[in-house]
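Notes to accompany the following structure.
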Amino acid sequence: MDDFSRYLSSRATLEGVLSGLLEHVLLSLVPVLIGLLLAIPLGWLAQRTRFLRTLFLGTANIVYTVPSLALFVVIPGLLGTRITDPVNVVVALTVYTTALLVRPVIDALDSLPNHVIAAATAIGFKPVHRFFAVDLPLSVPVLTAGVRVAAVSNISLVSVGALIGVGGLGVLFTDGFRVQDFPPIIVGIVLTLVLAALVDGALVVLRKVLTPWTRVGTGGSL
């Protein structure tokens, strides 16, 4: 406990931890947002065409097997950025997030009841209008499950970026191991777990807000 008291009593340390936490949030959640925006149209196209479904799902499976550290190292060569540029981590995690979310988007659209789609079409909804007004809202429960997995995965993967000099809470791990000091390592682990739990909880709340019909028992009939 003395070691933790010593470590956390420093104002510079606390400022560094807070800065790392904020950077960790940005590096992990910005790719989730961008990846979701990319995965939705890709999933929509794949759900409508057998060829694109096979192509996108096969590509997503391959991309997701690429080790994160290798992707962090390769991307600077493709983008022309410095290897320590945080943009590399954002791009790499956006690629992972898009690959991870394409399947949930397809599954969510596949799960829509045919009679709901037929009813929306019958009253005059065009495909794009129906997608935003009917298909996408009804896909939120399935889609949110995929986003929760992507968000928690990104929060974990950002820490790997510390091995190439990018910030976030992973810096606490590398600094702690370098000087054989455990308090920063423990603080980094705890903050990472707490951040993942808070983001996951926030997404659950957001899903409930966006799907009020699931709370009044009307969702099962849709």
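Screening residue 101 on (1) surrounded by fewer than 19 Cβ atoms within 10 Å (Cβ to Cβ); (2) of a type in the set (A, V, I, L, M, F, W, C); (3) assigned to a helix (DSSP H, G or I) shows it passes everything except condition (1). Please verify whether the range 130-143 includes one or more residues that are basic (Lys, Arg) and in contact with a helix residue (DSSP H, G or I) (Cβ under 7 Å, 6 or more places away or on another chain). Looking through the range 130-143, at least one residue is basic (Lys, Arg) and in contact with a helix residue (DSSP H, G or I) (Cβ under 7 Å, 6 or more places away or on another chain).
A quick yes/no check of all residues on (1) under 24 Å from residue 66 (Cα atoms); (2) open to solvent by less than 50 Å² (accessible area, probe 1.4 Å):
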{"position": "152", "(1), (2)": "yes, no"}
{"position": "159", "(1), (2)": "yes, yes"}
{"position": "168", "(1), (2)": "yes, yes"}
{"position": "180", "(1), (2)": "no, no"}
{"position": "183", "(1), (2)": "no, yes"}
{"position": "187", "(1), (2)": "no, yes"}
{"position": "191", "(1), (2)": "no, yes"}
{"position": "202", "(1), (2)": "no, no"}
{"position": "206", "(1), (2)": "no, no"}
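May I ask you to verify whether residue 84 is part of a helix (DSSP H, G or I) and touching a Gly at 6+ places or on another chain (Cβ under 7 Å)?
no
Yes/no per residue for (1) out of contact with any Cys (no Cβ under 9 Å at 6 or more places or on another chain); (2) of a type in the set (Val, Ile, Thr); (3) assigned to a helix (DSSP H, G or I); (4) at pLDDT 95 or above:
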residue: 39; (1), (2), (3), (4): yes, no, yes, yes
residue: 45; (1), (2), (3), (4): yes, no, yes, no
residue: 62; (1), (2), (3), (4): yes, yes, yes, no
residue: 77; (1), (2), (3), (4): yes, no, yes, no
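Among the residues of the range 120-143, is there at least one that is at pLDDT 90 or above, small (Gly, Ala, Ser) and either under 19 Å from residue 209 (Cα atoms) or not in a helix (DSSP H, G or I) (or both)? Yes, the conditions are met somewhere in the range 120-143. Note on the range 105-124: residues that are under 22 Å from the mean Cα position of the chain (by Cα) and either buried (at least 22 other Cβ atoms within 10 Å of the Cβ) or on the phi > 0 side of the Ramachandran plot (or both) total 4. Give the range 73-94 a look and list any residue that's open to solvent by 60 Å² or more (accessible area, probe 1.4 Å), within 16 Å of residue 63 (Cβ to Cβ) and either touching a strand residue (DSSP E or B) at 6+ places or on another chain (Cβ under 7 Å) or in contact (Cβ under 8 Å) with a residue 24 or more places away in the chain (or both), or say none. The answer is 73, and nothing else. One residue alone among 35, 16, 20 is buried (at least 18 other Cβ atoms within 10 Å of the Cβ) and over 15 Å from the mean Cα position of the chain (by Cα), and that residue is 20.
The values are calculated or read from the model by the stated rules, or taken from the named source; none is laboratory data. The shown structure was predicted, so the numbers you read here are calculated from the model rather than taken from an experiment. Positions of Cβ are backbone-derived with ideal geometry, glycine not excepted, and every protein chain shown enters the neighbour counts. Keep in mind that these areas ignore ligands, DNA and RNA; they rest on the heavy atoms of the full protein, side chains included. Shrake-Rupley method; radii C 1.70, N 1.55, O 1.52, S 1.80 Å.
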